[in-house]
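Derivation of every value follows stated rules applied to the coordinates shown; laboratory data play no part. Because the structure is predicted, anything quoted here is derived from the model rather than measured. When we count neighbours, we look across all protein chains shown, and the Cβ atoms used for this are built from the backbone with ideal geometry, even at glycine.
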Amino acid sequence: MRDKNPAETGAKVAWVVGLGPIHGTGAAVAKRFAEDGFTVVVTGRSADRLEQEARSIQSAGGIAISAPGDASREEDLLAILSRIENID
């Protein structure tokens, strides 16, 4: 059973799937959500790129979590959703 869930705690969470190439649309969307006070979860297949983007958001004062995985694979999606569910 789940202890908490962002929708129930009032947490503002944005899940951005795919950052795109360097300076891609997904990265811009993630940064905008962070500027608007959301905790941003960035997801994609490139763990290094995700970590880089999460650090960029954090250095600008935002909250970002890197959650690598392939959104087309069920087991990856379940792992990512589990991380999102535990955000306060």
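Taking Lys and Arg as +1 and Asp and Glu as -1, the other residues whose beta-carbon sits under 9 Å from that of Gly69 total -1. Amide H contacts of Ile65: Val40, Val41, Val42, each under 5 Å away and 5 or more positions distant or on a separate chain (H built 1.01 Å from N in the peptide plane; Pro and chain starts excluded).
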